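These notes concern the structure reproduced below.
The values are calculated or read from the model by the stated rules, or taken from the named source; none is laboratory data. All values reported here derive from a predicted model rather than from experimental measurement. Note: ideal-geometry Cβ built from the backbone for every residue, glycine included; neighbour counts use all protein chains shown. With ligands, DNA and RNA removed, areas are computed over all heavy atoms of the protein, side chains included. Shrake-Rupley method; radii C 1.70, N 1.55, O 1.52, S 1.80 Å.
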Amino acid sequence: MSHSHSPAHDDAIQFTQEFWDDRYRSAGKLWSGQPNPQLVAQTADLAPGQALDVGCGEGADAIWLARHGWTVTAVDVSAVALDRAAGYAVRQGDEPGEDIARRITWQREDLLVWNPAPERFDLVSAQYMHLPGAEQASLHARLAAAVRPGGTLLLVGHHPDDVRADAALAGRAGMFRSASDIAASLDPGEWEIAVADDIGRSATDVDGQPVTVRDTVLRAARRR
């Protein structure tokens, strides 16, 4: 679900496959095609393994991970997005010495209820996956359970304060959790918090002007 891949209103219809399929059909390309910068920064020192990319959208993060040696399960609610992402991945395979598409499994799931396999992944990443409070807390708990001992949980979202600076985020303040709030939901006996911070990022506002926004970044390692 990538940058701002969150609904404009807290309305159940906007969490459905139909909503997101229609949204992806509305444009030939919905997102930038570039990996999310916090994913790149936070995984640079990790050894490649099995990765889960949650809310993968058009696949930029999954493709970047695969290019860097990860075997990726990329999950989204939208079949249209997944078909588009798979096509992008195949075209990446034209680069010499790389076989991106074979490293990625594309999987459609309802992320409000889906349970990934427990303790399966070396990296579980969710970038800008914003749901109403209880649903988001539930998703985070299910994603944490999917990290194997020694693996990494990476959760990135819009900072709550950015609602005041960006009209596109208006009405969604309840969907944005602070890094400290997310960290507090993890059992300290099972998790070591590596990063729980607000990190600046260059972006463009709704008027097309450059602006610095803050991301909430939680990176935690599951204790062995």
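Here are the numbers for this structure:
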| quantity | calculated |
| --- | --- |
| Heavy-atom accessible surface of the chain: percent carbon and sulfur, 1.4 Å | 49 percent |
| W114 paired with Q50, simple spin-label distance in nm, labels 7 Å along Cα-to-beta-carbon | 1.6 nm |
| Normalised contact order of the chain, rounded percent, pairs of Cα under 8 Å and 6 or more residues apart | 19 percent |
| ³J(HN,Hα) computed for each position of the stretch 36-51 - Karplus, 6.51 cos²θ - 1.76 cosθ + 1.60, integer Hz, glycine/proline x | 5, x, 5, 4, 4, 5, 7, 10, 4, 9, 8, 6, x, x, 8, 10 |
| Accessible area (Å², per residue) of the chain, counting only protein heavy atoms and a probe of 1.4 Å | 45 Å² |
| Ellipticity estimate at 222 nm from DSSP helix runs (n ≥ 4, -39,500 (n - 2.57)) divided over the chain, nearest 500 | -7500 deg cm²/dmol |
| Gain on full stretching of the segment that runs from A137 to R25 - 0.36 nm per residue minus C-alpha separation | 37.4 nm |
| For the chain, convex hull volume per residue from C-alpha positions, Å³ | 117 Å³ |
| In sequence order, calculated HN-Hα J values of the stretch 54-71 (Karplus, 6.51, -1.76, 1.60; Hz; x Gly/Pro) | 9, x, 6, x, 7, x, 4, 5, 4, 5, 4, 4, 4, 4, 9, x, 7, 9 |
